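Colleague: Take a look at this one; I'll ask things after.
The values are calculated or read from the model by the stated rules, or taken from the named source; none is laboratory data. The structure displayed is predicted, hence computed values, not measured ones. Note that we place each Cβ from the backbone using ideal geometry, even for glycine, and neighbour counts take in every protein chain shown. Protein only, heavy atoms only, side chains kept; ligands, DNA and RNA dropped before computing areas. Shrake-Rupley method; radii C 1.70, N 1.55, O 1.52, S 1.80 Å.
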Amino acid sequence: MELTEKRRSETWAFYTPRMRAEKAIEYMSRELWDLHNYVFYDPACWEWALLEALPDDIEKFGTTLEEEDAKICMEKGLVVDRYDFLRPWAEDLCEWLRSRSYADNKPIVVFTNPPYFKLSKEQYPGIREKYWSNDSVVLFYRRIMEHLRPAWLCGFNKLDLRQAPSMESFREALSYYGKLEKMFVTPSMSRPGLKGRFPIGFNMIQSYWWKLKNLNKQ
């Protein structure tokens, strides 16, 4: 599907180029070893640009806000639901994914490129007030960390999350969850439709509980 300027402005969608998705998978493979031992989930999967780059026999699941994206994914035969990850009921989805992961004995890896936008005062007041932020990436990551609690959080984001003074409370919350293990940076010009020149990082964050579990096995 062609991602028009109108659709970008309506959905905040900026699809990840295949080469960036493959580079991210290359980094994950070095740290996770066998990707088949995990379940991969993207809470903002759009048309599955990231998950589709994974091998076909990897267990993966996506959700997206947009009905058109969900339809495209299902037509491809992909496992996707239409879901608004910032709504309160998304906590139930996180609980379901966690229980499914535990039952299958497959830890969750979140592999995502969440939308980059600032919420208006009318958008998602509950989660905005809870985390004191109107930054969509912060809200996605906080929900992932606190309610889904994956073994790994692997995502693309602008570097203001790690540098800007306004993101200090986010970095403090992140420090309680896990540690940055690997990272690479790409220019914004490599993303179709993004305006301006700024770096975009791919971060691999391993949760402390998962790291401790692996250390206890050794």
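Colleague: Could you run the Debye sum over the Cα atoms of region 30-125, one equal point scatterer each and no solvent, and tell me log10 of I(q)/I(0) at q = 0.15, 0.18, 0.21 Å⁻¹, two decimals?
Modeller: Taken in order of the listed q values, log10 I(q)/I(0) reads -0.63, -0.88, -1.13.
Colleague: In addition: How far apart, in nanometres, would the label points at ASP56 and ARG87 be if each is projected 7 angstrom from Cα along the Cα-to-Cβ direction?
Modeller: Computed distance between label sites ASP56 and ARG87 equals 3.4 nm.
Colleague: Would you mind estimating how fast region 72-175 diffuses translationally, via Stokes-Einstein at 4 °C and 1.567 mPa s with the Kirkwood radius over Cα pairs, in µm²/s? Each step should come with its number before you reach the end.
Modeller: On the way: Rh = 15.0 Å.
Here the translational diffusion coefficient equals 87 µm²/s.
Colleague: Please sort 201-209, 119-127, 105-113 by packing, taking for each peptide the average over its residues of neighbouring beta carbons within 10 angstrom, highest first.
Modeller: Final packing ranking: 105-113, 201-209, 119-127.
Colleague: Let me ask you something else. Kirkwood Rh, region 135-180, all Cα pairs: how many Å?
Modeller: In region 135-180 this quantity evaluates to 10.9 Å.
Colleague: Mind counting lysine pairs for me in region 67-192? Cα separation below 19 Å, and the two need to be 8 or more apart along the chain or on different chains. Write out the running numbers ahead of the final one.
Modeller: Values: LYS118/LYS130; LYS118/LYS158; LYS121/LYS130; LYS158/LYS179; LYS158/LYS182.
Final tally of qualifying lysine pairs is 5.
Colleague: Taking Rh as the Kirkwood radius, which is the inverse of the mean 1/r over Cα pairs, what is the Rg/Rh value for region 101-147?
Modeller: 1.10
Colleague: By DSSP, what percent of the beta bridges with both residues in the chain are antiparallel, rounded to the nearest 5?
Modeller: Among the beta bridges of the chain, antiparallel pairing accounts for roughly 55 percent.
Colleague: To the nearest 0.05, how large is the calculated FRET efficiency for PHE184 and LYS213 if R₀ is 22 Å and r is the Cβ-Cβ distance?
Modeller: 0.25
Colleague: Over the chain, average the accessible area per residue using a 1.4 Å probe and give it in Å², no decimals.
Modeller: Working: 11030 Å² over 218 residues.
Spelled out: the 1.4 Å probe surface of the chain, per residue, equals 51 Å².
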